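Read through the structure below, which is laid out as structure tokens, and then see the notes.
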Amino acid sequence: MGNERPPTGHDVELAALAAAGDRRAFGELVRRHGSAVRGLLRRMGADPATADDIAQDAFLVGYEQIVEFRGEGAFAGWIKKIAARLYLRKVKREARFVLTEAPEDEASVASDGAAAKADRLDLDEALKQLSKAERLCVSLCYGADWSHAEAAEVLNIPLGTVKSHVKRGLDKLRARMAPPSASAPNDSARRENRG
Amino acid sequence: MADLDFETQLSRLYGQAPVFRDSELFAQQVTARLDRGWALRRVLIGGTGVVAGFAAAVQLISARFTEELSQVSHEGAQQLSVGLEQLTHRYDQMFNLGGSETLWVGAALAILALAFAVTRLVDEL
């Protein structure tokens with residue numbers, strides 16, 4: 001039967017082993033980063049079952065394309081991008097919502113001060129205050145580390161629309177998670193410059 | 001959090017993977033799907049190999065069979081023509097030697113044989 005102990009080492013080493021056909025090495029990568037991918041998909045708005053299905057698909061696609069991962073960035077970021085693309089494909093296919101939807105009434109976010117204090121650092125709870133489009137754009141840019149331009153290209157919507165969604169989403173998150181004194185008016189400027 | 005840039009803080013929070021109680025199960029499901037995929041791929045490759053091998057074997061055998069058949073038929077045709085030549089030669093010799101009496105005797109024997117065959121056939125029925 002051989003050695004049953006899972007391989008150890010850096011992600012890049014495991015990826016190299018996986019590229020050589022070692023499925024146990026890839027299994028270790030799944031073990032390490034599965035939760036991050038599942039979490040990102042849920043934060044993007046996928047329900048738990050869908051998130052898990054897409055996360056599994058993302059790892060299978062990742063295994064097929066593992067030779068393309070050369071270790072220039074983190075494996076987690078690489079596999080998250082694959083998962084995000086798969087989720088976006090599903091969203092667009094099912095046309096669940098229009099990404100150019102009008103902004104929601106922001107009064108509901110601003111008025112729940114007591115609850116906001118109670119869950120100040122709970123990102124998952126805070127994300128629920130965002131519209132689907134805002135949640136998706138914020139999660140793509142801050143969770144999957146996409147630039148605004150990348151998100152606009154993949155979502156096939158104008159860059160300005162992505163920026164608007166991100167800005168509104170950040171404002172809502174800040175109102176929910178950060179005290180007013182910590183809120184800087186142009187937090188997303190840096191990311192916009194990347195796009 | 002007041003001292004931290006909100007954007008940086010948000011990226012950091014996104015980077016913190018939630019803890020799932022079934023994370024080990026998830027990993028097992030992925031590796032099982034990987035193994036299943038590879039097993040299916042092996043079966044498909046093996047099946048394709050078997051079909052291709054069978055087709056190749058059929059082609060090979062049929063090619064040899066056709067070749068041998070044509071060789072046999074070629075030889076057979078040659079032997080048949082030789083046999084026919086010998087037969088016609090002897091037939092000519094027979095008529096040359098015995099004349100028309102031999103022909104009548106042969107015809108009489110043939111009629112006798114035919115009568116015998118007919119009576120046997122009637123008995124059988």
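Do we have any residue at all in region A:104-119 that's within 14 Å of the chain's Cα centre (by Cα), within 14 Å of chain B (Cβ to nearest Cβ), modelled with pLDDT under 90 and surrounded by 18 or more Cβ atoms within 10 Å (Cβ to Cβ)? If you could, list the steps in order and put the result at the bottom.
In the first step, residues of region A:104-119 are kept if they are within 14 Å of the chain's Cα centre (by Cα); the result is none.
Checked region A:104-119: no residue is within 14 Å of the chain's Cα centre (by Cα), within 14 Å of chain B (Cβ to nearest Cβ), modelled with pLDDT under 90 and surrounded by 18 or more Cβ atoms within 10 Å (Cβ to Cβ).
Being at pLDDT below 95, in a loop (DSSP other than H, G, I, E, B), out of contact with any helix residue (DSSP H, G or I) (no Cβ under 8 Å at 6 or more places or on another chain) and within 14 Å of chain B (Cβ to nearest Cβ) is the requirement here; does A:Gly73 meet it?
Working: at pLDDT below 95: yes; in a loop (DSSP other than H, G, I, E, B): yes; out of contact with any helix residue (DSSP H, G or I) (no Cβ under 8 Å at 6 or more places or on another chain): yes; within 14 Å of chain B (Cβ to nearest Cβ): yes.
Criteria met by A:Gly73.
Just name the residue that is modelled with the highest pLDDT out of those in region B:6-34 that are more than 7 Å from chain A (Cβ to nearest Cβ) and not in a helix (DSSP H, G or I).
Restricting to residues being more than 7 Å from chain A (Cβ to nearest Cβ) and not in a helix (DSSP H, G or I), the top hit is B:Asp22.
With respect to the numbered conditions (1) of a type in the set (A, V, I, L, M); (2) assigned to a helix (DSSP H, G or I); (3) free of Cβ contacts under 8 Å to residues at least 60 places away in the same chain, which one is the sole condition not fulfilled by A:Ala46?
Among (1) of a type in the set (A, V, I, L, M); (2) assigned to a helix (DSSP H, G or I); (3) free of Cβ contacts under 8 Å to residues at least 60 places away in the same chain, the lone unmet condition for A:Ala46 is (2).
Residue check: is A:Arg191 under 18 Å from the mean Cα position of the chain (by Cα), at pLDDT below 90, within 12 Å of another protein chain (Cβ to nearest Cβ) and surrounded by 19 or more Cβ atoms within 10 Å (Cβ to Cβ)?
Spelling it out, A:Arg191 is indeed under 18 Å from the mean Cα position of the chain (by Cα), at pLDDT below 90, within 12 Å of another protein chain (Cβ to nearest Cβ) and surrounded by 19 or more Cβ atoms within 10 Å (Cβ to Cβ).
Give B:Gly47, B:Gly37 a once-over and let me know the one that is more than 11 Å from chain A (Cβ to nearest Cβ) and more than 30 Å from A:Glu125 (Cα to Cα). Before you say what the answer is, go through the steps one by one.
Working: B:Gly37 fails: more than 11 Å from chain A (Cβ to nearest Cβ).
B:Gly47 is the lone residue from the list that is more than 11 Å from chain A (Cβ to nearest Cβ) and more than 30 Å from A:Glu125 (Cα to Cα).
The values are calculated or read from the model by the stated rules, or taken from the named source; none is laboratory data. Nothing here was measured: the structure is a model prediction, and the numbers come from that model. Glycine also receives a Cβ, built like all others from the backbone with ideal geometry; neighbour counts cover every protein chain displayed.
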